[in-house]
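*Asks:* Here you go, one structure.
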Amino acid sequence: MSDSDLTLLRRPFVFMRHGETPMNAQGLICGVTDVPLSALGEAQAKSAEWLQRKRWSLVACSGLRRAQHTAQLALPNQSAQPFNGLNERDWGALELRPLDEQTPYEVTPPEGESWPAFCRRVLEAMNRILARHELPLIVAHSGVYRVIRALQTGTPHGPRIANAQPVLIEPVADGWTMNEIKENWIEQR
(Lines give C-alpha, C1' and ligand atoms only; values in the text may rest on other atoms or scores of the structure.)
Protein backbone atom coordinates (compact mmCIF):
# COMPACT_ATOMS: atom_id res chain seq x y z
CA MET A 1 0.00 0.00 0.00
CA SER A 2 1.39 3.34 -0.91
CA ASP A 3 -0.90 5.64 1.06
CA SER A 4 0.88 6.37 4.34
CA ASP A 5 -2.44 7.27 5.97
CA LEU A 6 -3.73 3.72 5.51
CA THR A 7 -2.98 2.14 8.84
CA LEU A 8 -4.73 -0.32 11.09
CA LEU A 9 -5.26 0.33 14.78
CA ARG A 10 -2.77 -1.76 16.71
CA ARG A 11 -5.23 -4.05 18.48
CA PRO A 12 -5.52 -7.84 18.28
CA PHE A 13 -8.39 -9.55 16.49
CA VAL A 14 -9.31 -12.89 14.98
CA PHE A 15 -10.07 -13.05 11.26
CA MET A 16 -11.89 -15.86 9.48
CA ARG A 17 -12.72 -16.15 5.81
CA HIS A 18 -16.21 -17.39 4.91
CA GLY A 19 -16.83 -21.03 3.97
CA GLU A 20 -16.57 -22.23 0.39
CA THR A 21 -19.10 -21.04 -2.19
CA PRO A 22 -20.04 -22.71 -5.48
CA MET A 23 -18.05 -19.96 -7.24
CA ASN A 24 -14.94 -20.77 -5.15
CA ALA A 25 -15.31 -24.45 -6.08
CA GLN A 26 -15.56 -23.52 -9.78
CA GLY A 27 -12.50 -21.24 -9.63
CA LEU A 28 -14.47 -18.09 -10.45
CA ILE A 29 -13.89 -14.50 -9.29
CA CYS A 30 -16.62 -13.73 -6.80
CA GLY A 31 -16.23 -10.26 -5.37
CA VAL A 32 -19.45 -8.40 -4.63
CA THR A 33 -21.65 -11.04 -6.26
CA ASP A 34 -23.79 -12.19 -3.34
CA VAL A 35 -23.71 -15.99 -3.44
CA PRO A 36 -24.57 -18.61 -0.80
CA LEU A 37 -22.27 -21.15 0.77
CA SER A 38 -21.91 -24.57 -0.82
CA ALA A 39 -22.66 -27.69 1.23
CA LEU A 40 -18.91 -27.96 1.86
CA GLY A 41 -18.84 -24.29 2.90
CA GLU A 42 -21.60 -24.91 5.43
CA ALA A 43 -19.66 -27.87 6.83
CA GLN A 44 -16.48 -25.77 7.01
CA ALA A 45 -18.33 -23.06 8.94
CA LYS A 46 -19.82 -25.62 11.34
CA SER A 47 -16.34 -27.08 11.93
CA ALA A 48 -15.43 -23.73 13.52
CA GLU A 49 -18.26 -23.99 16.09
CA TRP A 50 -15.63 -24.24 18.82
CA LEU A 51 -15.31 -20.45 18.43
CA GLN A 52 -18.66 -20.08 20.22
CA ARG A 53 -17.02 -21.19 23.48
CA LYS A 54 -15.51 -17.69 23.66
CA ARG A 55 -17.68 -14.67 24.34
CA TRP A 56 -16.41 -12.28 21.68
CA SER A 57 -16.50 -8.54 22.28
CA LEU A 58 -18.03 -8.38 18.79
CA VAL A 59 -18.65 -10.78 15.94
CA ALA A 60 -18.41 -8.63 12.82
CA CYS A 61 -19.00 -9.82 9.28
CA SER A 62 -19.31 -8.40 5.81
CA GLY A 63 -22.71 -7.49 4.42
CA LEU A 64 -22.56 -10.40 1.96
CA ARG A 65 -24.55 -13.50 2.84
CA ARG A 66 -21.65 -15.97 2.53
CA ALA A 67 -19.87 -14.22 5.42
CA GLN A 68 -23.08 -13.73 7.41
CA HIS A 69 -24.06 -17.39 7.01
CA THR A 70 -20.58 -18.54 8.01
CA ALA A 71 -20.79 -16.46 11.19
CA GLN A 72 -24.28 -17.83 11.96
CA LEU A 73 -23.17 -21.44 11.51
CA ALA A 74 -19.91 -21.09 13.43
CA LEU A 75 -21.41 -19.05 16.27
CA PRO A 76 -25.12 -19.95 16.47
CA ASN A 77 -25.45 -18.43 19.96
CA GLN A 78 -23.90 -15.05 19.12
CA SER A 79 -25.29 -12.58 16.63
CA ALA A 80 -23.02 -11.08 14.01
CA GLN A 81 -23.08 -7.41 13.09
CA PRO A 82 -22.68 -6.75 9.35
CA PHE A 83 -20.31 -4.04 8.11
CA ASN A 84 -20.53 -3.30 4.39
CA GLY A 85 -16.99 -1.90 4.55
CA LEU A 86 -15.84 -5.51 5.01
CA ASN A 87 -17.44 -6.64 1.74
CA GLU A 88 -15.20 -8.24 -0.85
CA ARG A 89 -13.67 -6.09 -3.59
CA ASP A 90 -15.85 -5.17 -6.56
CA TRP A 91 -14.15 -6.84 -9.52
CA GLY A 92 -16.44 -5.09 -12.03
CA ALA A 93 -16.49 -6.76 -15.43
CA LEU A 94 -14.36 -9.61 -14.04
CA GLU A 95 -17.05 -10.80 -11.61
CA LEU A 96 -17.77 -14.52 -12.18
CA ARG A 97 -14.91 -14.83 -14.69
CA PRO A 98 -12.22 -17.54 -14.21
CA LEU A 99 -9.59 -16.72 -11.58
CA ASP A 100 -6.83 -16.89 -14.19
CA GLU A 101 -8.34 -13.74 -15.77
CA GLN A 102 -8.01 -11.76 -12.54
CA THR A 103 -5.84 -8.66 -12.82
CA PRO A 104 -3.02 -8.10 -10.31
CA TYR A 105 -4.41 -6.59 -7.10
CA GLU A 106 -2.79 -3.21 -7.72
CA VAL A 107 -4.46 -2.91 -11.15
CA THR A 108 -8.03 -1.59 -11.25
CA PRO A 109 -10.26 -4.14 -12.97
CA PRO A 110 -12.53 -2.86 -15.77
CA GLU A 111 -15.55 -1.15 -14.15
CA GLY A 112 -14.27 -2.32 -10.76
CA GLU A 113 -12.92 -0.95 -7.49
CA SER A 114 -9.33 0.27 -7.33
CA TRP A 115 -6.92 -1.31 -4.86
CA PRO A 116 -6.41 1.98 -2.93
CA ALA A 117 -10.19 2.54 -2.65
CA PHE A 118 -10.72 -1.05 -1.51
CA CYS A 119 -7.94 -0.78 1.10
CA ARG A 120 -9.33 2.51 2.40
CA ARG A 121 -12.86 1.08 2.70
CA VAL A 122 -11.68 -2.05 4.51
CA LEU A 123 -9.34 -0.22 6.87
CA GLU A 124 -11.98 2.37 7.78
CA ALA A 125 -14.41 -0.45 8.71
CA MET A 126 -11.74 -2.38 10.61
CA ASN A 127 -10.64 0.71 12.52
CA ARG A 128 -14.24 1.47 13.55
CA ILE A 129 -14.48 -2.07 14.92
CA LEU A 130 -11.07 -2.09 16.63
CA ALA A 131 -11.61 1.33 18.23
CA ARG A 132 -14.66 0.03 20.11
CA HIS A 133 -14.02 -3.68 20.71
CA GLU A 134 -11.30 -5.67 22.38
CA LEU A 135 -10.40 -8.86 20.45
CA PRO A 136 -13.32 -9.00 17.98
CA LEU A 137 -13.92 -11.87 15.58
CA ILE A 138 -14.19 -10.67 11.97
CA VAL A 139 -15.72 -12.95 9.32
CA ALA A 140 -15.10 -11.66 5.81
CA HIS A 141 -13.29 -12.46 2.55
CA SER A 142 -9.89 -13.35 1.14
CA GLY A 143 -9.58 -9.85 -0.35
CA VAL A 144 -10.04 -8.30 3.09
CA TYR A 145 -7.34 -10.64 4.39
CA ARG A 146 -5.06 -9.49 1.54
CA VAL A 147 -5.44 -5.90 2.76
CA ILE A 148 -4.39 -7.04 6.24
CA ARG A 149 -1.53 -9.11 4.81
CA ALA A 150 -0.30 -6.11 2.81
CA LEU A 151 0.07 -4.21 6.09
CA GLN A 152 2.22 -7.01 7.47
CA THR A 153 4.28 -7.96 4.42
CA GLY A 154 4.02 -4.94 2.11
CA THR A 155 2.21 -6.96 -0.57
CA PRO A 156 -1.24 -8.48 -1.02
CA HIS A 157 0.26 -11.33 -3.05
CA GLY A 158 0.52 -14.83 -1.65
CA PRO A 159 -1.68 -17.86 -1.14
CA ARG A 160 -5.37 -17.46 -0.40
CA ILE A 161 -6.45 -17.84 3.20
CA ALA A 162 -8.26 -21.14 3.74
CA ASN A 163 -12.02 -21.13 4.08
CA ALA A 164 -13.31 -20.97 7.67
CA GLN A 165 -9.81 -21.09 9.22
CA PRO A 166 -9.51 -18.58 12.08
CA VAL A 167 -6.31 -16.52 12.21
CA LEU A 168 -5.16 -14.52 15.25
CA ILE A 169 -3.74 -11.19 14.12
CA GLU A 170 -1.75 -9.29 16.74
CA PRO A 171 0.46 -6.21 16.66
CA VAL A 172 4.14 -6.69 17.51
CA ALA A 173 7.01 -4.21 17.71
CA ASP A 174 7.92 -4.49 14.01
CA GLY A 175 4.47 -5.08 12.50
CA TRP A 176 1.89 -7.83 12.88
CA THR A 177 1.83 -11.56 13.50
CA MET A 178 -0.71 -13.74 11.73
CA ASN A 179 -1.16 -17.25 13.12
CA GLU A 180 -3.81 -19.87 12.46
CA ILE A 181 -5.58 -20.89 15.63
CA LYS A 182 -7.15 -24.19 16.60
CA GLU A 183 -9.67 -25.27 19.21
CA ASN A 184 -7.18 -25.35 22.11
CA TRP A 185 -6.52 -21.62 21.63
CA ILE A 186 -9.83 -20.85 23.39
CA GLU A 187 -8.62 -22.57 26.56
CA GLN A 188 -5.33 -20.64 26.43
CA ARG A 189 -7.01 -17.21 26.27
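*Asks:* What nm value, rounded to one decimal, do you get for the distance between Ser114 and Thr7 when each label is placed 7 Å out toward the C-beta?
*Replies:* So the two model labels end up 2.3 nm from each other.
*Asks:* Sorted by packing (mean other beta-carbon atoms within 10 Å per residue), highest first, where do 136-146, 28-38, 74-84, 173-183 land?
*Replies:* Peptide ranking by packing, descending: 136-146, 28-38, 74-84, 173-183.
*Asks:* Probe of 1.4 angstrom, ligands and nucleic acids ignored: what's the accessible area per residue over region 81-132, in square angstrom?
*Replies:* Spelled out: the 1.4 Å probe surface of region 81-132, per residue, equals 48 Å².
*Asks:* So, one more: Which label marks the calculated value of mean projected area of the Cα convex hull in nm², given the options [x] 12.9; [y] 14.2; [z] 9.9?
*Replies:* [z]
*Asks:* To the nearest 10 square angstrom, what accessible area does Glu101 show with a 1.4 Å probe?
*Replies:* 80
*Asks:* Please state the charge dipole magnitude for the chain, taken about the Cα centre, from unit charges on C-beta atoms (+1 on K and R, -1 on D and E), reported in debye and rounded to the nearest 20.
*Replies:* The dipole of the chain has a size of about 640 debye.
*Asks:* Quick one: with all protein chains in place, what share of the accessible area of region 95-189 is carbon or sulfur, to the nearest percent (1.4 Å probe)?
*Replies:* Accessible surface attributable to carbon and sulfur in region 95-189 totals 49 percent.
*Asks:* Still on this structure: Quick one: which of 159-166, 91-98 comes out on top by average Cβ neighbours within 10 Å, and what's the full order, highest first?
*Replies:* Sorting 159-166, 91-98 by mean packing, highest first, produces 159-166, 91-98.
*Asks:* Turning to a different aspect of this structure: Find the accessible area per residue for region 9-50; the probe is 1.4 Å, ligands and nucleic acids are left out, and the unit is Å².
*Replies:* Value returned for region 9-50: 39 Å² of accessible area per residue.
*Asks:* Further, regarding this structure: Compute the Rg to Rh ratio over region 34-116 from the alpha carbon atoms, using the Kirkwood formula for Rh, and round to two decimal places.
*Replies:* The Rg/Rh ratio comes out at 1.06.
The values are calculated or read from the model by the stated rules, or taken from the named source; none is laboratory data. The structure presented is a predicted model; accordingly, all values stated were derived computationally and were not measured. With ideal geometry, Cβ positions are generated from the backbone for all residues, glycine too; neighbour counts draw on all protein chains shown. Remember, those area values only see protein heavy atoms, side chains included, never the ligands or the DNA or RNA. Shrake-Rupley method; radii C 1.70, N 1.55, O 1.52, S 1.80 Å.
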